1. Only one of (1) buried (at least 16 other Cβ atoms within 10 Å of the Cβ); (2) over 24 Å from Leu218 (Cα atoms) is not met by Arg119, so which one is it?
2. Please pick out the residue among Tyr177, Tyr187 that is within 20 Å of the chain's Cα centre (by Cα), outside any strand (DSSP E or B) and of a type outside the set (D, E, K, R).
3. Does region 140-149 include one or more residues that are among the polar types (S, T, N, Q), within 15 Å of His213 (Cα to Cα) and under 16 Å from the mean Cα position of the chain (by Cα)?
4. Assess whether Phe111 counts as being modelled with pLDDT under 60 and not hydroxyl-bearing (Ser, Thr, Tyr).
5. Quick one: how many residues across region 170-195 are of a type in the set (Gly, Ala, Ser) and touching a helix residue (DSSP H, G or I) at 6+ places or on another chain (Cβ under 8 Å)?
6. Give me the pairs: first residue in region 178-207 and in the same structural domain as Leu126 (by TED's automatic domain parsing), second residue modelled with pLDDT of 90 or more and of a type in the set (Gly, Ala, Ser), beta-carbon distance under 8 Å, and six or more apart or on different chains, which are they?
7. Condition first: in contact (Cβ under 8 Å) with a residue 12 or more places away in the chain and either surrounded by fewer than 17 Cβ atoms within 10 Å (Cβ to Cβ) or closer than 18 Å to Tyr217 by Cβ (or both). Now tell me which residues in region 128-147 satisfy that.
8. Checking Thr176 against (1) surrounded by 19 or more Cβ atoms within 10 Å (Cβ to Cβ); (2) touching a Lys or Arg at 6+ places or on another chain (Cβ under 6 Å), only one condition comes out false. Which one?
Amino acid sequence: MEYRDIASKTYVEEQIRANPAVIKEKSTERSLAEYFGVSRTTVRKALNDLALEGYLFQNDKNLERQKVFEINMLKMSSFSEEVKKENDVQIKIKVLSNQIIKMPAELRTFFCSNKQLIRIIRQRLLGENPLSYEITYLLSENFKNLDQVDLNNISLYQFLKDHYHLMPSHGREEITYEAATEDKAKYLQVSEGTPIYKVSSYSFDANFQPFEHTDQYLVGNRFRYHLSAKNIFDYREKNK
């Protein structure tokens, strides 16, 4: 996409954020393109990005009240720590499931094993409002009896450090988006089909052994991920 196309798309997004009602007034791509003086392709890309952010799934009166949380990538800190760091908020952690399962075929390569895993499914909430729905996998042989522990309102990383003396050292994250399926829509309290973030993390210990894999699902307009130069420096220093 050329610079002028990016500038046009940004202009359309800013205008829609300022006046979301225009979506209802100009109900087709063609009419929106004519209204903003841009191509239908530009309108389509702008609408796709806004849908990911959640603007097209909120009531107009609520748009300005949505709080956006900043999340730094490549930092081996917990999700709750990242959210709390610059926001005076109280995050609740609700455990939906904590059990031992067979190794899923898609995780054999990462864990380099076919042994059993502990699968922990959690929901994070701000008050009564859900922030995330996440599924974490750990090798059960490394964390004996973890499936019997009540992990409600407990930082998993901190618990593993305190009780198993193990912590992730480094890792990678992949951010994509998808349409919310029935289970994810239920726990994120959005309509089925709503675009949501999927953040897949793969972490390793100090010996470069697989430590943990998590798939985390987030409503797009509540979070903004960014990667700063300091994050990159810290990551490189840690992995020299």
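The values are calculated or read from the model by the stated rules, or taken from the named source; none is laboratory data. Small disclaimer: the values here were computed from a predicted structure and weren't measured. Virtual Cβ from ideal backbone geometry, glycine too; neighbours counted across all protein chains shown.
1. It is condition (2) that Arg119 fails.
2. After ruling out the rest, the residue left standing is Tyr187.
3. No, every residue in region 140-149 fails to be among the polar types (S, T, N, Q), within 15 Å of His213 (Cα to Cα) and under 16 Å from the mean Cα position of the chain (by Cα).
4. no
5. Number of matching residues: 3.
6. Leu188/Ser132; Ser191/Ala185; Glu192/Ala185; Gly193/Ala185; Thr194/Ala185
7. Asn129, Pro130, Leu131, Ser132, Tyr133, Glu134, Ile135, Thr136, Tyr137, Glu141
8. Here Thr176 meets the rest and fails (1).
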